[in-house]
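Data block below; observations after.
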Amino acid sequence: MLIYAKQPINYIINNHPSKIKTLYLAKEMDKKEYSRLMKMGFEIKRIPSDAAGKMCKNASHQGILAEIDEYVLHDYKTFLNYDFVLVLAGLSDVGNIGAIIRTAYALGVDAVVACGVKSLPLEAVTRTSTGALFDMPFAIETNIHDVLNDLKMSGFTTYGADMGGTDIREMKIQNRRALFLGSEGEGLAARVSSKLDAIVSIKMAHKFDSLNVSAAGAILMDRMRKYE
């Protein structure tokens, strides 16, 4: 798959260079950096800027693109022996999903499951996660009720994010936990939230409708961390 822009490509160069098939350069590069890249075992091609634009449909490529190995989705059932799983319920915006995956990896979430969607553009998710997708076990499962039931049967305490929930600071978070984040517009469906063990929220200092799902998710993930 093709990704572009400096941040995700630099992450993959530094952390997963074996996944790069071809690196495309549409701008001049520092000679030392170019020499370093030449020793990394993947093909490097210089291309005109207009050709780079065509490759990424005129998106902002910042002069660097890469053809990389496809991301291999996981089976969510392999996550049932983990301690901290994040479930995305009907989220479809790849910007939010990528940001959530990046944050989840930074804050120690063990795996992420996207539910309520049949597929996602993994090229875009890789880019918006700045490459962190390659370090985060990620699954897609259409039926969220199967995921919820399997997590509960495996000993997870399940938490859902909703403005009407209990302040997360007042909750005693269990060691094996799963956090459910609802879709950008509709939140968690009633059929899902009614089956969760607890509904949690973020207490606001000022009256405000809600936070963006990736921002709210970041706060909740941090509050649910288990510090060593």
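What residues qualify as long-range amide H neighbours of PHE180, i.e. H under 5 Å apart, gap of 5 or more or another chain, H built at 1.01 Å from N?
Correct list: VAL87, TYR159, GLY160, ALA161.
Which shape class, rounded, prolate or oblate, goes with the stretch 159-212 when its Cα gyration tensor gives a ≥ b ≥ c as root eigenvalues, a/c under 1.5 marks rounded, and past that a/b bigger than b/c marks prolate?
Cα axes put the stretch 159-212 in the oblate bin.
What is the diffusion coefficient of the stretch 13-52 in µm²/s, taking the Kirkwood radius over Cα pairs and the Stokes-Einstein relation at 37 °C with a viscosity of 0.692 mPa s?
Translational diffusion coefficient: 303 µm²/s.
Please state the shape class of the stretch 104-159: rounded when a/c is under 1.5, otherwise prolate if a/b exceeds b/c and oblate if not, all from the C-alpha gyration tensor.
Verdict is oblate for the stretch 104-159.
Pull up all non-local amide H partners of LEU91: gap of 5 or more, or a different chain, and H-to-H distance under 5 Å with H placed in the peptide plane.
Result for LEU91 returns CYS115.
Can you list residues whose amide H is under 5 Å from ALA189's amide H, if they're 5+ apart or on another chain and H is modeled 1.01 Å from N?
none
Roughly how many debye, to the nearest 20, is the charge dipole of the stretch 55-139 about its Cα centre, given +1 on each Lys and Arg Cβ, -1 on each Asp and Glu Cβ, and no other charges?
Once rounded to the nearest 20, the dipole reads 260 debye.
With just the Cα atoms of the stretch 1-76, tell me how far they stretch along each of the three principal axes, in Å, largest first.
Its Cα atoms span 42, 30, 18 Å along the three principal axes.
Could you tell me which residue out of LEU151, ILE140, GLN174 lies farthest along the dipole of the stretch 126-210 toward its positive end? Charges go on the beta carbon: Lys and Arg +1, Asp and Glu -1, centred on the Cα centre.
Of the candidates, GLN174 comes out farthest on the positive side.
Rounding to the nearest 20 debye, state how big the charge dipole of the chain is about its Cα centre with +1 on each Lys and Arg Cβ and -1 on each Asp and Glu Cβ.
Charge dipole of the chain: 520 debye, to the nearest 20.
Quick one: the Cα spread of the stretch 57-158 along its three principal axes, in angstroms, biggest first?
Taking max minus min along each principal axis of the Cα atoms, the stretch 57-158 gives 49, 25, 22 Å.
Tabulate in residue order the Karplus-calculated ³J(HN,Hα) for the stretch 151-157, using 6.51 cos²θ - 1.76 cosθ + 1.60 with θ = phi - 60°, rounded to whole Hz; enter x for Gly and Pro.
So the Karplus estimates, Gly and Pro as x, are 5, 5, 5, 8, x, 7, 8 Hz.
For the stretch 43-57, what does the Karplus curve 6.51 cos²θ - 1.76 cosθ + 1.60, with θ = phi - 60°, yield as ³J(HN,Hα) per residue in whole Hz, taken in order and with x for Gly and Pro?
6, 10, 10, 8, 9, x, 4, 5, 5, 4, x, 5, 4, 10, 6
Could you order ILE219, ILE68 so the one with the most accessible surface comes first? Probe is 1.4 Å.
The ranking, largest first, comes out as ILE219, ILE68.
Kindly report, to the nearest 10 Å², the accessible surface of ARG169 as traced by a 1.4 Å probe over protein heavy atoms only.
Answer for ARG169: close to 140 Å² accessible.
On a straight-distance basis, which lysines could pair with LYS54 in a cross-link, Cα separation under 16 angstrom, same-chain partners fewer than 8 positions away excluded?
LYS27, LYS45
State the label only: which of (i) 19.6, 62; (ii) 17.3, 59; (iii) 19.6, 59 corresponds to Rg and Dmax of the Cα atoms in Å computed from the shown model?
(iii)
Beyond a 29 Å Cα-Cα separation, which of these cross-linked pairs lie in this structure: LYS6/LYS77; LYS6/LYS152; LYS39/LYS77; LYS77/LYS195; LYS77/LYS207; LYS6/LYS172?
Violating the 29 Å Cα-Cα cut-off are LYS6/LYS77; LYS6/LYS152; LYS39/LYS77; LYS77/LYS207; LYS6/LYS172.
The values are calculated or read from the model by the stated rules, or taken from the named source; none is laboratory data. Computed from a predicted structure; not experimentally measured. FYI the Cβ positions are ideal-geometry reconstructions off the backbone, even for glycines, and counts take in every protein chain you see. Just so you know, the surface numbers come from the protein's heavy atoms only, side chains and all, with ligands and any DNA or RNA stripped out. Shrake-Rupley method; radii C 1.70, N 1.55, O 1.52, S 1.80 Å.
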